[in-house]
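One structure is given here, and the rest of the page talks about it.
Any read-out appearing in this document is the output of simple, stated calculations on the displayed coordinates, not a laboratory observation. Quick caveat: nothing in here was measured; it's all calculated off a predicted structure. Cβ sites come from the backbone with ideal geometry, for glycine too, and all protein chains shown count toward neighbours.
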Amino acid sequence: MKKTIIILVSLTLFFAIFYVNTDAKASSTLIYISPAGADKNVEEQFNLDVVVKPDDNKVCAAEGKINLNNLSCLDISLPDGVMSQTPPTCSSTHFLIGIPGCATQDKTLFSVTLKGINPGQGLVNFSEVEVIGQGNSLSNNSVGGTYNIKSTCTCAVWSPWVGIGCGQKGCAADKMTQTRSRTCSPAGCAVKIENGCFDSSSCVASTVNNGEKTMPESPIVEENTNQPQQSQQENLLKIKGSASLLSAIGGTLSSPTAVVIIVLLCLFVIYWIARKFFPKNK
């Protein structure tokens, strides 16, 4: 009889412990924020998801409120596969969201777009949370998020422009590519290197010939360019010299004395020719 009693008591304790463990397991359902932490700059926008974790239970609905500290709500959106009975908004962050067919795996209830207000910590946490299963409350456990909000980006002055070559980094062949840099804090918050295209006499533009890019022909040597001009100048000087000679002769012929002398010379030449080639008969 004692053995029977001991066996019954043992079985009762075993089933009681099993029931308590099963009930504790059912109460472990959780609502959390993803991601739970990040480094962001003031006024930088980022997105958070509000997720329910069934943990081997069936979650059919979730209710609660998200609270923001040093963070500004910009937008709240619901994904497909959920049914909003009380949709959360930036002006009222209370929510009551149903899940058709219930969920047995992690399910995103909604997403929030935020931005940091001041340097320091930005916090997101929950209140008034209740997770509902098939006709019973499963849990009110929740985990929020903490975000490091950094000061706005500050940058030093730009360095002087420095040329790195013609036609580099998207510049045309007749443009000199120049670059400059600066340091910014925190790292990665702004552009640190800039490139620009500038006119330069040292860059030669390329031309397109039959679809292929080629360099233009070499310029004509200066000496060759001046040779035709020198020949023209020499010819011009010769013409001017001849014109001056003719002008001098014309000026001489215009004198009466010169005309008489020329006529006498002509008569002398004629007389000499007549005596030479036509002598008198004896």
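When DSSP assigns beta bridges and you keep just the ones with both residues in region 27-150, what percent turn out antiparallel, to the nearest 5?
If we restrict to bridges inside region 27-150, about 85 percent are antiparallel.
Quick one: grab the alpha carbon gyration tensor of region 27-150, order the square roots of its eigenvalues as a ≥ b ≥ c, and give me rounded if a/c is under 1.5, else prolate or oblate depending on whether a/b is larger than b/c.
prolate
Return the sequence-ordered ³J(HN,Hα) values of region 94-102 in whole Hz as given by the Karplus equation 6.51 cos²θ - 1.76 cosθ + 1.60 applied to θ = phi - 60°, using x for Gly and Pro.
Result, ordered by residue: 6, 9, 9, 10, x, 10, x, x, 6 Hz.
Would you pull out the residues with amide H under 5 Å of residue 152's amide H, same chain only if 5 or more places away, H placed 1.01 Å from N?
Distant-sequence amide H within range of residue 152: 42.
Quote the FRET efficiency, to the nearest 0.05, computed for residue 153 versus residue 34 with a Förster distance R0 of 30 Å and r equal to the Cβ-Cβ distance.
0.65
For residue 89, what charge total do you get from the other residues with a beta carbon under 14 Å from its beta carbon, if Lys and Arg give +1 and Asp and Glu give -1?
0
Per residue of region 53-70, what does 6.51 cos²θ - 1.76 cosθ + 1.60 with θ = phi - 60° give for ³J(HN,Hα)? Whole Hz please, x for Gly and Pro, Karplus curve as stated.
So the J values, rounded to whole Hz, are 10, x, 6, 6, 10, 10, 9, 10, 6, 9, 9, x, 8, 9, 10, 10, 10, 6.
Give, in nm to one decimal, the length gained when the segment between residue 85 and residue 200 is fully stretched (0.36 nm per residue of separation minus the Cα-Cα distance).
Residue separation times 0.36 nm, minus the Cα-Cα distance, leaves 34.7 nm.
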